[in-house]
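The values are calculated or read from the model by the stated rules, or taken from the named source; none is laboratory data. The structure displayed is predicted, hence computed values, not measured ones. Every residue, glycine as well, gets a Cβ built from its backbone with ideal geometry; the counts of neighbours run over all protein chains shown. What goes into the accessible areas is simple: the full protein's heavy atoms, side chains included, and nothing from ligands, DNA or RNA. Shrake-Rupley method; radii C 1.70, N 1.55, O 1.52, S 1.80 Å.
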Amino acid sequence: MYYDHLLQKSVLFVHIHKQIQLWCCFVVYLVTHMGIVETRLEEEPRPPSTEKPKPEPPRDVAKERKCFHMSRDQCPTDGQKCIRVDPVSVFCCDVNSFQLKESLGITMTQNTTNLHVLNATIEELDVSQRIFRRLTSMALTDGNIGKIVGQFRKYSSIACLNISNNNLSSATLESSIHRPFAYLFTLTVLDASANNLTEFPLSLVQSNRKIYVDLSGNNYLPCKNFQRVMESNNSSTLSFLNYDRTYCALDLTFNWFKDVQVVQIDHLRVQKELNVSCRNIKPANANCTCIPDRLELLGGEVTNSVAVDCSMRHLKVMPTNLPPNTSKLNVSYNNITSLQAVSDDPTYEHLRQLLVDYNDIASIVELEGSKFIDNFMVFSITNNKLKTIHTYVMSNCFFTTGPSFLIGGNYIHCDCNTEKVVKPWLLENYKNIPDYKSIECEDGMGPVVELKEFQVCHTPRDWTDYIYYIIGLEVLVLVLLISKVSYDYWVFKTAGYLPWPANKMPRLPCDWLCE
């Protein structure tokens, strides 16, 4: 009985405890929500706002992508070269190689992730040092670094690398540093601005991560490298900081000299427009390919010249409606019979190289007076069906040694005019016609330049060819007659009689003159 009584009391106690908990939760709920209700009742209803939300201030993306950086007025004093700015950042000023190594050994710890070295004079910077391995932001700016050696260690944590304004050139980078970013798998920002680099870090393009690069101030980086990057499949992963202030060196090739001009890299973004204009080439089924060939100076402006390839397309006529600034056209291995479009189509205006090898072209007369024939650099018409070379069409083409005219593989009809006109013309312009010895006669007479006059110059004789023989015969008869008369006279004077032929001759009325 006693135990039953205790059991009842315990059950009752548990039941009362649960009720108390429920009441407490209910009171808390009422207090909380009544406060909210009272607050909402006390506030006056507000009309909906008609003001437009203020736009967020523009983000300085370039600033966000800068490495850890300190200004000169924050340089350490009291003879110190490096100071710890915060638990993870170290700042150094005006150091040489020895001072940098000694100071970093004192100030850097295992927790240091940011480093900025300002105005360092270093003969050799070894980036493979262990102290750089834990860094996420590394900046060496406004100094003079003679040479960068070594290579960043594998699995380095560097995400931002700033080596700007250090008088660096591609010649100061050893072979081991030609791919300095190979092991920087976390690199997202590279600032190499204000240096003298002449080689583009193409290894960055091989990465699939988003990387921001600042190459402004390196004005002699080749434009062709920038163009290669922009046209690569991974070009979307590489972005240029200070894009408007990034320039490249453009090689301009003229007829007799080369020049270098610095242009803004925005001139290189033309491939998208080029693809559109390439699809407009006629005939529509030509399916030609178009690529930027090189940058040229046309009309005082830098423009992209275009190379169009329409070879092996089964074309019967020259393509028309070429992309703007087409400077090179290849239509070899087709069935083209005429070059008339080169003179008629205005899109051939800037054409400098024309390759029409292995076609069915029988004449180049259509090119007479065209802009192409006055300005071309390469004209190749080998292995066609030319029967004669109209030298007057090319009469003003070879004032310089630049233009090349390739015509081998054509079998010319050789006659006296070929030997008198074409052969001397080939020998005179052999520097501009590299294959002049390969031009042969169609009758198996050998190369044109080896023709002999007696082989091809045969003309029918007329009576004027014998006039010299007649005159010679008359002179001979006259000499014999004079000799006979002189002999007869001598016999008559010495012997007193005339020789028999003269004695038998009848007397003439004029004989009295001789008596």
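For the range 374-386, which residues satisfy the criterion of being at pLDDT 90 or above and either loosely packed, with under 14 Cβ neighbours inside 10 Å or closer than 16 Å to residue 432 by Cβ (or both)? Steps first, answer last, please.
To start, the set of residues in the range 374-386 that are at pLDDT 90 or above comprises 376-386.
Listed by number, the residues that qualify are 376, 377, 378, 379, 380, 381, 382, 385.
Flag not set for residue 111, criterion: touching a strand residue (DSSP E or B) at 6+ places or on another chain (Cβ under 8 Å) and not aromatic (Phe, Trp, Tyr). A Cβ distance below 7 Å, combined with a sequence gap of six or more or placement on separate chains, defines the contacts here; from the range 209-221, residues that are buried (at least 17 other Cβ atoms within 10 Å of the Cβ) reach residues that are of a type in the set (D, E, K, R) and part of a loop (DSSP other than H, G, I, E, B) in the pairs 212/65. Kindly evaluate residue 159 against the criterion of being small (Gly, Ala, Ser), in contact with a Leu (Cβ under 7 Å, 6 or more places away or on another chain) and at pLDDT 85 or above. Spelling it out, residue 159 is indeed small (Gly, Ala, Ser), in contact with a Leu (Cβ under 7 Å, 6 or more places away or on another chain) and at pLDDT 85 or above. Only residues that are open to solvent by 30 Å² or more (accessible area, probe 1.4 Å), assigned to a strand (DSSP E or B) and modelled with pLDDT of 80 or more were counted across the range 286-304, and they come to 2. None of 91, 152 is more than 24 Å from residue 211 (Cα to Cα), among the aromatic types (Phe, Trp, Tyr) and either within 45 Å of the chain's Cα centre (by Cα) or open to solvent by less than 50 Å² (accessible area, probe 1.4 Å) (or both) except 91. Anything in the range 188-219 that is closer than 11 Å to residue 242 by Cβ and at pLDDT below 80? List them, or say none. Within the range 188-219, no residue meets the criteria. Does at least one position in the range 413-420 carry a residue that is in a helix (DSSP H, G or I) and in contact (Cβ under 8 Å) with a residue 40 or more places away in the chain? Checking the range 413-420: at least one residue is in a helix (DSSP H, G or I) and in contact (Cβ under 8 Å) with a residue 40 or more places away in the chain. Counting the residues of the range 124-148 that are at pLDDT below 90, open to solvent by 10 Å² or more (accessible area, probe 1.4 Å), more than 23 Å from residue 211 (Cα to Cα) and not in a loop (DSSP other than H, G, I, E, B) gives 6.
Which residue is modelled with the lowest pLDDT, if the candidates are limited to the range 479-515 and must be in a loop (DSSP other than H, G, I, E, B) and open to solvent by less than 80 Å² (accessible area, probe 1.4 Å)? Step by step, filter the range 479-515, then rank; the result is 498.
Scanning the range 107-123 for residues that are open to solvent by 20 Å² or more (accessible area, probe 1.4 Å), under 18 Å from residue 88 (Cβ atoms) and in a strand (DSSP E or B) returns a single hit, 114. Every condition in (1) surrounded by fewer than 16 Cβ atoms within 10 Å (Cβ to Cβ); (2) closer than 20 Å to residue 293 by Cβ; (3) in contact (Cβ under 8 Å) with a residue 24 or more places away in the chain is met by residue 365 except one, and the failing one is (2). Scanning the range 325-358 for residues that are assigned to a strand (DSSP E or B), polar (S, T, N, Q) and either at pLDDT below 95 or open to solvent by 40 Å² or more (accessible area, probe 1.4 Å) (or both) turns up 326, 327, 353.
Any idea which of 449, 456 is touching a residue at least 12 places away in the same chain (Cβ under 8 Å), over 26 Å from residue 360 (Cα atoms), crowded, with 16+ Cβ neighbours inside 10 Å and more than 35 Å from the chain's Cα centre (by Cα)? Step through it out loud before you land on a result.
On the way: 449 fails: over 26 Å from residue 360 (Cα atoms).
Just a single option satisfies the conditions, and that option is 456.
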